Amino acid sequence: MIIYSQVDPKWKDLKIGNTKMTIGSEGCYLTCISMIAGQTPDVVNNILTRHGGYNIQGLILNDRAAQLLKMTYKLHTTPYVVSPSSFPIICETNHYWKLSYPQHFYILVDKSTRIDPLDKQPKPEPNTYNQVSFREFIKSA
């Protein structure tokens with residue numbers, strides 16, 4: 001898996017879909033999907049924008065995104081259903097809620113290691129974030 005930052009100057013100022021939101025400000029989930037899909041966030045954003053992968057508010061339509069990126073998608077609301085074969089998996093957290101960001105996404109590499117796309121130079125680190133839910137994207141064979 002190639003690690004990407006949502007604040008990379010190459011794409012941080014690009015608009016998400018047809019919205020005013022940018023990858024740098026609101027693109028954590030997009031960047032996580034990009035890492036798992038093996039494509040840069042600008043390329044994935046372009047695919048989703050051109051082929052109906054976003055709703056009108058710019059939220060990713062998970063099943064459509066998975067279809068467009070030749071993956072499968074599953075939502076898990078409890079960590080107990082996440083098996084080792086699920087990793088890497090996208091994890092939702094409320095870690096930044098005190099900074100007025102009630103929702104954020106990062107990659108959970110294994111049960112104790114995370115990669116946060118908000119970091120300027122993301123790398124595997126010990127996971128100290130609260131886990132709210134999990135979004136599993138798996139590349140199709």
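Report the net charge of residues surrounding GLN103, where surrounding means a beta-carbon distance below 15 angstrom and charges are Lys +1, Arg +1, Asp -1, Glu -1. Combined, the nearby Lys, Arg, Asp and Glu give -1. Restricting to lysine pairs 8 or more places apart or on different chains, what number in the range 23-139 have Cα atoms under 24 Å apart? Counting lysine pairs in the range 23-139 gives 9. One way to sum up the overall shape of the chain is the equivalent ellipsoid from its Cα gyration tensor, whose semi-axes run 21, 18, 14 Å, largest first. Label-to-label distance, LYS15 versus TYR96, with points set 7 angstrom from Cα along the beta-carbon direction: 2.2 nm. Sorted ascending by nearby beta carbons within 10 Å, beginning with the fewest, PHE137, PHE87, PHE105 become PHE87, PHE137, PHE105.
Note on the range 116-135 and the range 8-32: Cα centroid distance 17 Å, given to the nearest whole angstrom.
Along the charge dipole of the chain, pointing to its positive end and built from +1/-1 on Cβ of Lys, Arg, Asp and Glu, which listed residue (VAL109, SER133, ASN55) has its Cα farthest out? Result: ASN55.
Only the coordinates and a few stated rules stand behind these numbers; no lab work does. All values reported here derive from a predicted model rather than from experimental measurement. Cβ atoms come from the backbone with ideal geometry, glycine included; neighbour counts cover every protein chain shown.
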